[in-house]
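> Take a look at this one; I'll ask things after.
Quick note: the coordinates plus some simple rules give every number you see, no bench work behind them. These numbers were taken from a predicted model, which means no experiment stands behind them. Counting neighbours? That spans all protein chains shown, and the Cβs are built from the backbone with ideal geometry, glycine included.
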Amino acid sequence: MTTLLRQTHTGLFSRGPDDWTDDPLRAVDFRFSDRAVHYARAWSLRNVELAFVFDNENEVVAMPLEHALSRYWRDVGNDEAR
């Protein structure tokens, strides 16, 4: 599985902060959703979503970044409280 960032309004995948492609194979594979979330926040990317491409499948499954952000920061907050 690859973990990507995709623009919601164009469907293009991130190759870098200001570089986008329509080919998910040429996009940055963040490997983990928290890395993608951190990257999107660090570069202030707007209108992006997490996109997952599973091995041997042409289908892309997407999740709104806001959902991932709230889940990620909730988990980080729980870890810090321990």
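> Among residues other than residue 1 whose Cβ falls under 14 Å from its Cβ, what is the net charge (Lys/Arg +1, Asp/Glu -1)?
With Lys, Arg at +1 and Asp, Glu at -1, the neighbours total -2.
> What net charge do the residues around residue 30 carry, taking every other residue with its C-beta under 15 Å from that of residue 30, with Lys and Arg at +1 and Asp and Glu at -1?
Net charge in that neighbourhood comes out at +2.
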